[in-house]
Amino acid sequence: MSQTPAEDLAPHRSRWQRLPIVSHLRISVGVQHGMLVVGLVLTGIFLLTALFAPLLAPYGFSQLRDDSGMFGAQQPPSSEHWLGTTQGGLDVLSRLIWGSRTALYVIVVAVAASIVIGVILGLISGYFGGWLDRTLIVIADAIYSFPSLLLAIVLAIVISGGQSDMWGGIFAAALSITVIFIPQYLRVTRAEVVRVKAEAFVESARVIGASNLRIMTKHVLRNATRTLPLILTLNASEAILTLAGLGFLGFGIEPTAAAEWGYDLNKSLSDVTSGIWWTSVFPGAAIVLVVLGLTLVGESLNDLADPRLRKRAAGAEPVEDLGVELPRTDEGAQTPREGTL
C-alpha cells in the first residue's frame, strides 16, 4: 500500500522527463551539462526581460525627463539612473530592457517565417525531386553566395527604405533575416525527407492508396523535422547579430520608434574616446550575453542529439530510448553500433 502512490506518480514523472529540455538536462553530464544550464539561464533571463519589459523598465525607451526635470546627457551610473544616461539624455537601463523586447519580436517573426517557408519548400523538394528539386537547390546556393549582412542591408533598404517605425522596422529586419535562413531549413528538411521517403512505412502508405499530400503531411513531415529545434536556437542568435548589425550601420529601426542595441552602440562610439564607458559597455554586453546563451543552448542540444558526442550519466535512459536506431544482426537482435555508446 505504501508503494502505490509512487507507482501512480511514475507515469507522470516519465512524461515530464521526456520533455525536450528536461530530457536533455537529465542525460547531459560534465561540461555538456554546464553549458546547457548556463545557456538556459541566460536565455531565460532574456525572455523574461523581454516579456516583462513594461514592468521592469524604470522609464520609457525614448523618455528624456521625469517629474524632477530632464535626465541630463552622459550622466554616470547613479541611484537615479543605475546604468547612466546616453549622449541624448536617455536612460541606458531602460533602453536595454526595451531593446530586449525588440530583439525578441525580430527573432519570433524571422524564425517563424523561415521555418514555415523553408520546411514547405524542403518537403516539396525532397519528396518530388526532379527539376523542381534542382531549381530550389540552385536558388538556395545562390543565396548562400551573398554575405548575409550585406543581403540583409539590401533587403532592409528595399523593404523600408532603411528606416521605419517600430513594426515596419521589425518586419523589415525580420524579413531580411528570413531570406537568409530559408535555405538552411530547406536543405535540412530536404535531406531528411529524402531519407524518410525511402522507409518501408512510406511505401506501405503508397500501397494502400494514400495520396501524396497525406503521405507528406502525416508520415514524412513529422519524421523529417526533428533536428529543426537545434537550428532554431542557433538561428535566433544569428538573428540578434544581424539586427544589431543593421542598427549599428543605420539601416534598422528609427530610434524614436523602438529601442535597439545596435543603434545604441553606434551612438556610443564617440563616447568611448572621452572615457564615457557605460553607454557602450552595457548594450555590447547585452548582445554578447544573449548570443552566448542561445549559442550554448543550440550547441548543447546538437551535441546531445549526436550519439557520438553525447556522454551518458549514470542511470540515464538507454541509447535506444533516446531515438538512436541500432542495427540488427542476422538473428534479428539489436546490437549497438560502434562508437554510439
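The values are calculated or read from the model by the stated rules, or taken from the named source; none is laboratory data. Because the structure is predicted, anything quoted here is derived from the model rather than measured. Counting neighbours? That spans all protein chains shown, and the Cβs are built from the backbone with ideal geometry, glycine included.
Points worth noting:
- Selected residue [modelled with pLDDT under 85, over 20 Å from residue 89 (Cβ atoms) and acidic (Asp, Glu)] from 254, 299, 238: 299
- Qualifying residue in the stretch 161-174 (condition: among the small types (Gly, Ala, Ser) and surrounded by fewer than 14 Cβ atoms within 10 Å (Cβ to Cβ)): yes
- Scanning the stretch 138-159 for residues that are surrounded by 14 or more Cβ atoms within 10 Å (Cβ to Cβ), out of contact with any Asp or Glu (no Cβ under 6 Å at 6 or more places or on another chain), within 23 Å of residue 217 (Cβ to Cβ) and not acidic (Asp, Glu) turns up at least one hit.
- Test: residue in the stretch 156-170 that is within 17 Å of the chain's Cα centre (by Cα) and assigned to a helix (DSSP H, G or I): yes
- Taken as a whole, the stretch 89-99 holds no residue that is in a loop (DSSP other than H, G, I, E, B), on the phi > 0 side of the Ramachandran plot and either in contact with a helix residue (DSSP H, G or I) (Cβ under 9 Å, 6 or more places away or on another chain) or surrounded by 19 or more Cβ atoms within 10 Å (Cβ to Cβ) (or both).
- Of all residue pairs spaced 6 or more apart or on separate chains, those with beta-carbon atoms under 6 Å, a first member in the stretch 35-52 that is in contact (Cβ under 8 Å) with a residue 60 or more places away in the chain and a second member that is hydrophobic (A, V, I, L, M, F, W, C) are 35/296; 38/296; 39/296; 39/297; 42/289; 43/294; 43/297; 46/290.
- Exactly one residue out of 25, 51, 55 is at pLDDT 85 or above and surrounded by 12 or more Cβ atoms within 10 Å (Cβ to Cβ): that is 51.
- None of 153, 182 is modelled with pLDDT of 80 or more and within 24 Å of residue 230 (Cβ to Cβ) except 182.
- The sole residue among 188, 193 that is buried (at least 23 other Cβ atoms within 10 Å of the Cβ) and either among the aromatic types (Phe, Trp, Tyr) or within 16 Å of residue 120 (Cβ to Cβ) (or both) is 193.
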